[in-house]
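The values are calculated or read from the model by the stated rules, or taken from the named source; none is laboratory data. For clarity, every value in this text was computed on a predicted model and none was experimentally measured. FYI the Cβ positions are ideal-geometry reconstructions off the backbone, even for glycines, and counts take in every protein chain you see. Note: accessible area is taken over every heavy atom of the protein model, side chains too, but ligands, DNA and RNA are not part of it. Shrake-Rupley method; radii C 1.70, N 1.55, O 1.52, S 1.80 Å.
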Amino acid sequence: MSFITRGFTGRGRERDDRLPPGQTLVGDFPVLSAGPTPDIDTADWAFTIRTESGTEHSWNWDEFMALPIEDVTTDIHCVTHWSKLGTGWRGVSLDTLFADVDTELEYTMAHSYGGYTTNVPLDDLLDGKAWVAFEYDGEPLDPEHGGPARLLVPHLYFWKSAKWVRGLEMMADDEPGFWEQNGYHLRGDPWKEERYW
Amino acid sequence: MSGMPRPGWHVATVAATRRETPNATRIELDVDGWPGNEAGQHLDVRLTAPDGYTATRSYSIASSGEGSRVVLAVDKLPDGEVSPYLVDELRAGDRLEVHGPLGAFFIWRPAAVTDDARPVQLIAGGSGVVPLFAMAHAHAAAADPTPFRLLYSVRTPDDVYFASEWAALAAASAPLRLDLVYTRRTPDGWSAPPGRITRDALEAAAVPAAERPRVFVCGSTGFVERVADWLVELGHEPRDIRTERYGGT
Amino acid sequence: MTSHLDGNALAGPLADFFSFDITTATGRCKACGTVAELARAMVYVSGAGTVVRCATCDHVLAVLVDTGERAWIDLAGVSAIEVRR
Ligand SMILES: Cc1cc2nc3c(=O)[nH]c(=O)nc-3n(C[C@H](O)[C@H](O)[C@H](O)COP(=O)(O)OP(=O)(O)OC[C@H]3O[C@@H](n4cnc5c(N)ncnc54)[C@H](O)[C@@H]3O)c2cc1C
Ligand SMILES: [Zn+2]
């Protein structure tokens, strides 16, 4: 379609050489919502890694906050074409969370409060590439953005950074999560523009 | 559903725009190939930027019936992407891509067609009055005997949409009663202080549940949610209530 | 803050997939068994896609992803859709 609407430019979008292909910069932090925002009290919160043997490694909020905490500054890229540069987070590295986890399996499914799921290969979570983040821009993560805690896997499209995360389940195969079942790419590398199947 | 005009993508030319309220614009479109529409339907507007970026939003249609003239009324959300363009930038002669007419659920047809003589209660918050105006207008045009009542919540007297049309509709032979609620400022000498609609005000101004009215509620999602919950508490059958949420809180 | 719309808003996005207005058709929620018109479902719209949820139990009834060139529609949360002619 070559139709152009006179005088319409859309909300501020800016190209920048530091951005992956097809992305533009935004100032605000758009919210992608696939459902109601779950209201999770940190008193009821837990994060659990479950392996093939049925072993569960679980942390409640206090235990989680007692783990080594890292400050992370990173760019984020949403599949809906917006990016933000130099965003600031605090969270626990997945390397820390996996330190005592014994698994032979190579894939994980992230599960969230509210039912959302997304699949991430274990390789993409380890070696300083991913966190469970509970602060954004110096403030506790707001429920709209996934608080109390969300996955942060900034080298993949942001739908992989599951909001309201409650755990990871080890999987033998790379099975699709919520968006991946409906057209989105299994891995989602923004530099390769892995948006859809 | 039989007899529904088929939706399609059309190019619309803006015939005229005019200030509807200090914060809203009425847009009259001539839509090439428009099949006509039912009262209460909407269309989707797609705007395309020079770099190919597109934004699509839904707008209710204030007009109904045959012909290629389609009337919209759009409220400006200050930080919105599409509504400020439609309200402040669009002018006569501009062309828009529209998809419609859409929706066969939130519509009203004359009693002569539906054989349903039950009264109709319309409830609007702000720009949510647009499809209900189409219904009230179609009701008057058909000289339909169904009792209509409209409860309309607006910020101030200046924010009433279709202000010059309501009196004529109320004076038409088709029975229509209009009740206004002002949330920020009332006209001088108004009996109630400004404030959000309450459950009691709703009960007092709406056709009682015992008469089994068909109810159409339209406005921001928060408004519709509150009103729909109260209607059920007041004894209205959920299946008699039809809602059109516009988004927002 | 974004919030949900009614199933009515699906009439446009789904017009390309069905030859009639699907929003007046009734569907049965696989999770709770509620039978209701699609127009009464809750619709969450975002740039990634449109998610349709049961108004009674929040369960995902349908997901629509549309890129302009390609589109996916998933009705896996609905056990059947009844269309009246
Ligand atoms: C079926 C249907 C019919 C509609 N008919 C009309 C109509 O006749 N007239 C009309 O003016 N609008 C109507 N709307 C709303 C319209 O589609 C847009 O949502 C609205 O114009 C805002 O678009 P925007 O691009 O300016 O704002 P966006 O850029 O989409 O949003 C800007 C901000 O405003 C919030 N927001 C979005 N919608 C609303 C809202 N309705 N109220 C309060 N805050 C909101 C957003 O969450 C966001 O924070 C209708 C919506 C639907 C679903
Ligand atoms: Zn259900």
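The table below gives the values:
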{"read-out": "Total residues in the stretch A:169-197, condition out of contact with any helix residue (DSSP H, G or I) (no Cβ under 8 Å at 6 or more places or on another chain), open to solvent by less than 10 Å² (accessible area, probe 1.4 Å) and not in a loop (DSSP other than H, G, I, E, B)", "value": "3"}
{"read-out": "Candidates B:Ala210, B:Ala201, filtered to the one that is part of a helix (DSSP H, G or I), loosely packed, with under 14 Cβ neighbours inside 10 Å and in the same structural domain as B:Gly128 (by TED's automatic domain parsing)", "value": "B:Ala210"}
{"read-out": "Test: residue in the stretch C:12-23 that is more than 30 Å from A:Cys78 (Cα to Cα), facing another protein chain (nearest Cβ under 7 Å), among the charged types (D, E, K, R) and buried (at least 22 other Cβ atoms within 10 Å of the Cβ)", "value": "yes"}
{"read-out": "Residue in the stretch B:60-83 that is surrounded by 24 or more Cβ atoms within 10 Å (Cβ to Cβ), on the phi > 0 side of the Ramachandran plot and either free of Cβ contacts under 8 Å to residues at least 40 places away in the same chain or not charged (D, E, K, R) (or both) present", "value": "no"}
{"read-out": "From the options B:Arg226, B:Arg239, residue that is within 16 Å of ligand 1 (Cβ to nearest atom), open to solvent by 50 Å² or more (accessible area, probe 1.4 Å) and part of a helix (DSSP H, G or I)", "value": "B:Arg226"}
{"read-out": "Leading residue by the ranking (most open to solvent (accessible area, probe 1.4 Å)) among those in the stretch B:1-55 that are over 24 Å from C:Val45 (Cα atoms) and of a type in the set (S, T, N, Q)", "value": "B:Ser2"}
{"read-out": "Residue in the stretch A:71-82 that is more than 26 Å from A:Gly188 (Cβ to Cβ) and surrounded by 14 or more Cβ atoms within 10 Å (Cβ to Cβ) present", "value": "no"}
{"read-out": "Residue within the stretch B:212-221 that is free of Cβ contacts under 8 Å to residues at least 60 places away in the same chain and away from chain C (no Cβ under 11 Å) present", "value": "no"}
{"read-out": "The one condition in (1) away from ligand 1 (no atom under 15 Å from the Cβ); (2) in contact with a Leu (Cβ under 6 Å, 6 or more places away or on another chain); (3) under 25 Å from B:Ser58 (Cα atoms); (4) open to solvent by less than 30 Å² (accessible area, probe 1.4 Å) that C:Leu61 fails to fulfil", "value": "(2)"}
{"read-out": "The stretch B:75-106: number of residues that are farther than 16 Å from B:Arg18 by Cα and of a type in the set (Asp, Glu)", "value": "3"}
{"read-out": "Spans of strands (runs of 3 or more DSSP E) in the stretch B:12-100 with at least 2 residues among the hydroxyl-bearing types (Ser, Thr, Tyr) and more than 9 Å from every other protein chain (Cβ to nearest Cβ)", "value": "B:54-60"}
{"read-out": "Within the stretch C:28-43, tally of residues that are open to solvent by 20 Å² or more (accessible area, probe 1.4 Å) and either on the phi < 0 side of the Ramachandran plot or among the aliphatic types (A, V, I, L, M) (or both)", "value": "11"}
{"read-out": "Selected residue (only one of C:Val51, C:Val35, C:Val78 is within 14 Å of chain A (Cβ to nearest Cβ), within 14 Å of the chain's Cα centre (by Cα) and among the hydrophobic types (A, V, I, L, M, F, W, C))", "value": "C:Val51"}
